[in-house]
Amino acid sequence: MDKKDVISVLRNKIRTIEAEECDIHVVGPIQLPIELDGQTKMFQWYSWLRKEKSEGEAGKGDTVEQIIDRLNTIHYAEMQQSSVLVYGDFEHEAEAMIRMHSICHTGDIFGSQRCDCGFQLKQSLRMITEHGTGALFYLANHEGRGIGLFSKAMAYLLQEEGLDTVEANVELGFADDARNYDEAIAVLRLLREAPVSLITNNPRKVEAMRNAGMNIKNRIALWGEATVYNEKYLSTKVAKSGHYDRMLAGK
């Protein structure tokens, strides 16, 4: 396949969201069959890439040719890129669920029980497919609530000495929660204009996203099972990060 054929294939599959300080290149949709509880569910997958603008570039979006040429000059594999799994007619259906899921290397990949992230990832996909329409945003720069994987490992060592998750992050010089959702919200707006229901137990996240311009209709709870390994982690979410308490959910 020559370069003209490559450009022809990709031209209608890459869209650019232009902002003042950056462009966000979104590629997709790509059919992605996913095994979920013994069944294959077909999702549409998109990934996006942030490209900072240099001085004088405002208002100039890259062509597909320029994006491809740059792939050979920048080590994108060393950079974190986020993506979104879309299920059903996400653009047009009146009711749609979304989950803004922060990457958790230890929980999502290794199945660690120090948190409930792996469970929440799978359960969110179940909820979305059972509902019939929705999207799961997988936010790759959100590890450790935005501090990165290496820093998260250091925070884990401090937690093993008795600190909770919030205290460990703060002791390392980070904010309790350093995550930013601006890019994800921009991609959501590209894919859907109608309101969405947000899957989360964190009312602060709902408030932050509404303040950032997300059109949220309501919040849907997502409960994980507490274990001896994540009990302190979950209780800290409630006590210090504003999460709803499952025991008080119906009161």
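So what's the back-of-envelope 222 nm ellipticity for the chain, counting only DSSP H runs of four-plus at -39500 (n - 2.57) apiece and dividing by all residues, rounded to 500?
After summing the helix terms and dividing by the residues of the chain, the value is -9500 deg cm²/dmol.
What pairs from Lys41/Lys122; Lys13/Lys51; Lys152/Lys217 go past 24 Å between their alpha carbons?
Details: Lys41/Lys122 13 Å; Lys13/Lys51 17 Å; Lys152/Lys217 33 Å.
Pairs exceeding 24 Å: Lys152/Lys217.
What FRET efficiency comes out for the pair Glu167/Asn218, r = Cβ-Cβ distance, R0 = 41 Å, nearest 0.05? List each step's numbers first, then the result.
Working: r = 33 Å, r/R0 = 0.79.
So, using R0 = 41 Å, E works out to roughly 0.80.
Just to be sure I understand: of the beta bridges DSSP finds with both ends in the chain, what percent are antiparallel, rounded to 5? Mind dumping the intermediate values first?
Numbers: 28 of 40 bridges.
Bridges in the chain that DSSP calls antiparallel: roughly 70 percent.
Report the gain in length on full extension from Met154 to Glu225: 0.36 nm times residue separation, minus Cα-Cα distance, nm rounded to one decimal. Walk me through the numbers on the way to the answer.
Values: separation 71, 0.36 × 71 = 25.56 nm, distance 2.57 nm.
Extending this stretch completely gives an extra 23.0 nm.
Every number here is computed from the coordinates shown, using simple stated rules; none is lab data. Fair warning: this is a prediction, and the values are worked out from it, not measured in the lab. Backbone-built Cβ (ideal geometry, glycine too); neighbour counts: all protein chains shown.
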